[in-house]
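These notes are about the structure you will find just below.
The values are calculated or read from the model by the stated rules, or taken from the named source; none is laboratory data. In this text the structure is predicted, and so the values were computed from the model without any measurement. FYI the Cβ positions are ideal-geometry reconstructions off the backbone, even for glycines, and counts take in every protein chain you see. In case anyone asks, the SASA skips ligands and DNA or RNA and just uses the protein heavy atoms, side chains included. Shrake-Rupley method; radii C 1.70, N 1.55, O 1.52, S 1.80 Å.
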Amino acid sequence: MKLRYLATVVVLALTTVAAHAQYGIYLNPVAIRVSNSVADSGPFAFLGQNSTSQVFYGYDLGGYYDFLHSGKLDTGFDMRFADLHANNALLKDFMIGIRVSGSPFTRPIKPYVQASVGYGSTKAPNSAVHVGKAIYALYGGVDYTLARHVDLRAVEIGYGSLTTVSSANVGAGGNVAIPSSKLLSFSTGLVFRF
């Protein structure tokens with residue numbers, strides 16, 4: 001008999017947790033400035049011959065799930081994929097991260113921060129060789145509620161690091177080791193909440 005009551009309480013508790021859970025999906029344009037302190041002059045120069053920076057354009061496709069609610073803070077995870085291009089080069093990444101958002105102001109404004117890790121793949125402009133490495137990024141942004149299930153991602157700024165394809169790590173010459181590239185991203189768009 002007591003087991004039946006315990007099962008009922010557990011089901012009711014899970015129902016209330018699920019009722020407060022929230023998830024959202026987004027497909028946003030993104031621009032990322034990829035920079036490096038050392039210029040690559042070899043045939044696999046990701047940023048271009050003797051260049052130390054390049055701006056890549058593309059999109060972010062992802063979603064988040066807030067599973068923990070504590071006062072004005074929500075905690076969850078985010079999963080995203082990005083596809084970016086510049087100067088005939090390619091950068092793709094897949095990341096999973098922890099996301100914390102809140103409502104410290106009036107209802108329409110909801111800032112968030114996020115730490116993500118994942119896998120990034122790069123291809124140099126004049127090559128078919130792809131190099132995949134670990135990637136990390138920190139994001140911060142502000143979502144603005146437009147309607148019950150639609151937010152405007154007013155701004156999202158990210159900073160991360162990725163070891164990109166280079167003449168040194170492909171083994172095509174280049175005695176200079178190329179350090180990890182720094183990634184500075186800017187994004188805006190729509191988020192659909194459920």
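Test of the criteria: in region 94-194, which trypsin sites (Lys or Arg not before Pro) are in a DSSP loop and have at most 13 other Cβ atoms within 10 angstrom of their Cβ?
Passing both the DSSP loop test and the Cβ count: R148.
Over the Cα atoms of the chain, compute the convex hull volume and normalise it per residue, giving Å³.
Dividing the Cα hull volume of the chain by its residue count gives 134 Å³.
Test of understanding: what is the full-extension gain from V55 to R148, defined as 0.36 nm times their sequence separation minus their Cα-Cα distance?
30.0 nm
At 0.36 nm per residue, minus the direct Cα-Cα distance, what do K182 and I96 gain on full extension? Give it in nm, one decimal, please.
29.1 nm
Determine the per residue accessible area of the chain with all protein chains present and a 1.4 angstrom probe, expressed in square angstrom.
So the chain comes to 54 Å² accessible per residue, rounded to a whole number.
Mean-square fluctuation check for the chain, GNM, Cα pairs under 10 Å: which of A147, A31, A124 is largest?
In the Gaussian network model the winner is A147.
Using the Karplus curve 6.51 cos²θ - 1.76 cosθ + 1.60 with θ = phi - 60°, work out ³J(HN,Hα) for each residue of region 35-48 in order, rounded to whole Hz, and write x for Gly and Pro.
9, 9, 7, 10, 7, 9, 10, x, x, 10, 5, 5, 8, x
Taking one equal scatterer on every alpha-carbon of region 96-194, how large is log10 of I(q)/I(0) by Debye at q = 0.17 1/Å?
Log-scaled intensity ratios, in q order: -0.82.
Go ahead and estimate [θ] at 222 nm for the chain from helices alone: -39,500 (n - 2.57) per DSSP H run with n ≥ 4, summed, over the residue count, rounded to 500.
-3500 deg cm²/dmol
Can you run phi through the Karplus equation (6.51, -1.76, 1.60; θ = phi - 60°) for region 87-102 and list ³J(HN,Hα) in whole Hz, with x for Gly and Pro?
Coupling constants for region 87-102: 6, 6, 9, 9, 9, 10, 8, 10, 9, 10, x, 9, 10, 10, 10, x Hz.
Relative contact order for the chain: what percent, with Cα pairs under 8 Å and sequence separation of 6 or more?
23 percent
For H149, tell me the accessible area in Å² from a 1.4 Å probe, rounded to the nearest 10.
Surface open to solvent at H149 totals about 90 Å².
For N36, what is the net charge nearby, where nearby means another residue's Cβ is under 14 Å from its Cβ and Lys, Arg count +1, Asp, Glu -1?
Local net charge: +2.
How about K92: which lysines have a C-alpha closer than 23 Å to its C-alpha, ignoring those fewer than 8 places off in the same chain?
Partners found: K123, K133, K182.
Estimate the FRET efficiency between Y159 and A128 by the formula 1/(1 + (r/R0)^6), using the beta-carbon distance for r and 25 Å for R0, to the nearest 0.05.
Computed FRET efficiency for Y159 and A128: 0.25.
Any chance you could give the angle, 0 to 90 degrees and rounded to 10, that helix 2-20 forms with the longest Cα principal axis of the chain?
With both axes taken from Cα atoms, the answer is about 50 degrees.
Give the residue list of chymotrypsin sites (Phe, Trp or Tyr not before Pro) in region 42-112 that are DSSP loop and have at most 14 other beta-carbon atoms within 10 angstrom.
In loop regions of region 42-112 (DSSP not H, G, I, E or B), the sparsely surrounded chymotrypsin sites (Phe, Trp or Tyr not before Pro) are F105.
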